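Contents: one structure, followed by commentary.
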Amino acid sequence: MSSMTVFRLIFLVMFLGWLMIWVMLPTKVYKNAWTPKLNGKLNSTYFEGQGTNLLLFSFPVMFIAAFGCVYLHLQKNLRKPNSRSVVTSNRLSFLRRPALVMAPLGIVTAMELAFVAMFVALLIWSLANYLYVSFGHLHMHKQGEKVWQAKFRSVSLRLGYIGNICWAFLFFPVTRGSSILPLVGLTSESSIKYHIWLGHLSMILFVAHTVGFIIYWAMTNQMAMMLEWSKTYVSNVAGEIATVLALAMWVTSSYRIRRKMFEVFFYTHQLYILYIVFYVLHVGAAYFCMILPGIFLFVVDRYLRFLQSQRRARLDSARLLPCGSIELTFSKSPGLYYNPTSILFLNVPSISKLQWHPFTITSSCNLEQDKLSVVVKRLGSWSQELYRQISSSVDRLEVSVEGPYGPTSSHFLRHELLVLVSGGSGITPFISIIREIIFESTKQNCQVPRVLLVCAFKNSADLAMLDLLLPVNGTPSNILQMQLQIEAYITREGELPTEDNLKLLQTIWFKPNQLDSPINASLGNNNWLWLGAIIVSSFVMFLLILGIVTRYYIYPFDHNTGETYHYSYYVLWDMFLLCACIFIASSAVFLFLKKEHAMEGKQIQNLEVPTPTTSPGSWFQNANRELESQPHQSLVQVTKVHFGARPDLKRILFDCKASDVGVLACGPRKMRHEIAGICSSGLADNLHFESISFNW
């Protein structure tokens with residue numbers, strides 16, 4: 001048995017044990033038999049009422065997160081050059097097939113549907129058991145209270161308990177540098193929909209919980225309870241504030257607002273910090289420990305992203321394409337590794353100091369070891385302003401970045417034939433895939449899949465996006481070594497415009513600045529061990545300091561002064577110590593790695609990189625030129641353009657003659673749903689679908 005198998009078995013046992021605790025939590029056995037024994041042994045003077053939940057609910061997930069970093073580090077080093085040999089067999093590919101294609105859930109695979117069913121079953125099981133136990137021992141909170149009113153209150157309270165289960169999972173999908181998501185083959189980008197589902201579900205439960213209690217207080221003439229901030233029990237005021245904040249985020253996170261008014265969604269969603277604070281103040285320290293792992297790992301990731309974003313990235317050049325898109329090229333450390341379809345978050349302070357936008361990386365870290373490129377489509381106000389600033393002949397542009405984030409392996413290489421279907425700017429993730437295949441095709445004895453790129457554009461000017469398939473230093477032989485076929489469809493034009501109407505590509509080179517630095521290997525896919533060290537050290541530090549504070553400050557106050565320590569103060573201590581320990585551990589590791597990268601950055605900075613069309617000294621000049629003619633001609637040989645037509649996706653996919661066809665789709669929702677429906681129809685067993693969507 002290999003060490004990797006041992007790791008997987010340990011993770012499986014820990015995870016199943018953690019789930020079992022959630023299953024047993026609402027039962028009479030847990031309440032009457034397990035809880036007294038566990039509290040007697042675990043709720044010591046060092047942790048008081050938090051000891052049991054810290055061990056049962058926090059420790060298993062933190063263990064998986066920490067040692068998952070070790071596992072991912074070993075997996076990365078053991079991975080063979082040919083990704084076909086390390087990808088899971090297609091025996092279980094039917095579980096990854098789309099099983100449900102409908103709004104608002106989108107595209108749901110059979111595996112996702114099974115897990116959704118199990119999660120809903122857990123919620124129903126928990127609610128049923130909570131009500132069964134509580135109805136058997138109803139507690140009358142007011143003299144003269146009727147039984148049905150007590151039951152109504154009990155239902156409202158238990159709905160909040162069920163919402164807390166959703167909170168236990170809510171933050172895992174949005175932890176971008178997570179070590180847990182890669183263990184199950186997920187990325188933060190592909191998991192955003194889980195965060196959305198959990199957010200909607202938790203909001204329904206919490207709104208029902210809040211409204212239920214307001215109705216109960218109104219029925220029993222206790223409306224004054226809405227203003228109570230109890231010293232010995234939960235704070236009703238904190239819960240109400242948390243609900244109001246959550247409602248603001250919920251309303252502004254609808255699909256239409258996210259797409260049409262991103263700024264409203266983005267700024268309102270920053271209320272999550274206050275939402276967490278007041279939510280935790282409402283539920284108390286013991287329940288906080290039940291949902292602590294998700295919040296803990298999210299805070300670690302968020303603080304590391306904050307530290308990375310404080311550095312200014314070195315922007316070398318920008319290419320303004322005739323279609324209005326912009327290719328930004330940054331300097332990067334040769335040690336920075338990322339896989340195709342990864343994304344990079346950009347912040348341009350001159351446009352907005354708060355807004356961060358994700359863009360697909362189009363470069364390959366293997367083909368371009370010291371460069372990283374992203375493509376920005378000129379659509380919203382932010383990208384319009386970016387285009388205006390760059391086209392106004394600025395000599396430099398201050399940019400901060402977060403990332404890259406993406407998959408841990410190039411899983412698409414396992415297929416015999418790869419069909420890439422894009423609409424509009426959806427072609428950008430496929431540029432990095434094709435560049436990676438170009439690199440793999442140069443290796444000896446390395447089999448790469450044949451590639452069929454089906455791309456639909458509105459106008460012929462968008463065909464300039466195809467020129468990005470080759471890097472600037474690409475040669476015709478690169479693309480000819482792989483079997484590539486491109487079918488391009490121009491939907492709004494019947495013929496190619498005359499040469500007089502063709503626009504030239506404009507390249508703008510920026511002046512280097514000593515304050516800018518190459519994009520370095522951030523924690524995560526490039527430094528799993530350091531991320532594991534941060535998780536372990538910060539969590540252990542948190543437990544030690546929490547134990548000391550509880551034993552030598554809170555415990556004497558409770559037992560020696562005759563007073564009761566304020567219920568909310570417990571939680572404030574927890575949140576303060578959690579943040580402090582994370583900040584200390586993360587800052588120490590980050591500063592250490594920053595010193596290591598400093599020398600490498602100076603070496604790169606001393607290199608003078610001449611532009612392709614100007615002398616090394618003329619950094620201020622713009623270069624208007626056509627794309628490299630030879631690579632362009634090699635693309636023409638493999639490209640067929642269809643004017644005034646849309647691709648017949650069903651015919652194209654069913655005509656694919658290969659035993660294993662990977663179908664990747666990126667573009668408008670309607671197109672992705674159509675392709676998913678074709679692949680899940682059962683008429684072609686060789687089609688294996690995957691959607692690439694960044695529609696947050």
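Things worth noting here:
- The set of residues in region 280-310 being farther than 22 Å from Ile180 by Cβ and assigned to a helix (DSSP H, G or I) consists of Leu281, His282, Val283, Ala285, Ala286, Ser309.
- Count of residues meeting criterion [among the charged types (D, E, K, R), without any contact (Cβ under 8 Å) to a residue 60 or more places away in the chain and assigned to a helix (DSSP H, G or I)] in region 37-81: 2
- Per this entry, Ala218 is counted among residues that are without any contact (Cβ under 8 Å) to a residue 60 or more places away in the chain, out of contact with any helix residue (DSSP H, G or I) (no Cβ under 7 Å at 6 or more places or on another chain) and in the same structural domain as Leu105 (by TED's automatic domain parsing).
- Residue list for region 253-272, filter: under 16 Å from His195 (Cα atoms) and either touching a His at 6+ places or on another chain (Cβ under 7 Å) or in a helix (DSSP H, G or I) (or both): Ser253, Tyr255, Arg258, Phe265, Phe266, His269, Tyr272
- Across region 444-453, a minimum of one residue is classified as at pLDDT 80 or above, β-branched (Val, Ile, Thr) and part of a loop (DSSP other than H, G, I, E, B).
- Candidates Ile241, Ile273: the one that is among the aliphatic types (A, V, I, L, M), surrounded by fewer than 21 Cβ atoms within 10 Å (Cβ to Cβ) and within 21 Å of the chain's Cα centre (by Cα) is Ile273.
- Flag if Arg651 is under 31 Å from the mean Cα position of the chain (by Cα), assigned to a helix (DSSP H, G or I) and either surrounded by 12 or more Cβ atoms within 10 Å (Cβ to Cβ) or modelled with pLDDT of 80 or more (or both): no
- Pairs with Cβ under 6 Å, 6+ apart, first in region 279-296 and touching a residue at least 40 places away in the same chain (Cβ under 8 Å), second part of a helix (DSSP H, G or I) and of a type in the set (Ser, Thr, Tyr): Leu281/Ser568; Ala285/Tyr570; Cys289/Ser58; Leu292/Ser58; Pro293/Ser58
- Looking across region 519-562, the residues that are at pLDDT 80 or above and among the aromatic types (Phe, Trp, Tyr) come down to Trp528, Trp530, Phe539, Phe542, Tyr552, Tyr553, Tyr555.
- Remark: pairs (first residue in region 375-404, over 15 Å from Thr507 (Cβ atoms); second residue part of a helix (DSSP H, G or I) and among the acidic types (Asp, Glu); Cβ separation under 9 Å; 6+ apart in sequence or on different chains) = Gly380/Glu263; Ser381/Glu263; Trp382/Glu263.
- Picking from residues in region 2-36 that are under 33 Å from the mean Cα position of the chain (by Cα) and outside any helix (DSSP H, G or I), the one that is surrounded by the fewest Cβ atoms within 10 Å (Cβ to Cβ) is Ser2.
- Filtered residues of region 407-421 (kept if buried (at least 24 other Cβ atoms within 10 Å of the Cβ) and touching a Cys at 6+ places or on another chain (Cβ under 9 Å)): Val419, Leu420, Val421
- Given (1) in contact with a Leu (Cβ under 9 Å, 6 or more places away or on another chain); (2) within 30 Å of Pro60 (Cβ to Cβ); (3) of a type in the set (A, V, I, L, M), index of the condition Val174 fails: (1)
A quick yes/no check of all residues on (1) under 23 Å from the mean Cα position of the chain (by Cα); (2) closer than 24 Å to Val120 by Cα; (3) in contact (Cβ under 8 Å) with a residue 40 or more places away in the chain:
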position: Ser188; (1), (2), (3): yes, yes, yes
position: Phe206; (1), (2), (3): no, yes, yes
position: Lys231; (1), (2), (3): no, no, yes
position: Ser254; (1), (2), (3): yes, yes, no
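- Meets criteria (modelled with pLDDT under 95, part of a helix (DSSP H, G or I), of a type in the set (Ser, Thr, Tyr) and closer than 30 Å to Leu186 by Cα) for Ser587: yes
- Scanning region 326-338 for residues that are surrounded by fewer than 23 Cβ atoms within 10 Å (Cβ to Cβ) and outside any strand (DSSP E or B) returns Ser333, Pro334, Gly335, Leu336, Tyr337.
- Region 105-156 - residue that is in a helix (DSSP H, G or I) and polar (S, T, N, Q) and, of those, farthest from Leu201 (Cα to Cα): Gln149
The values are calculated or read from the model by the stated rules, or taken from the named source; none is laboratory data. As the structure is a computational prediction, the values presented were derived from the model and not from experiment. Note: ideal-geometry Cβ built from the backbone for every residue, glycine included; neighbour counts use all protein chains shown.
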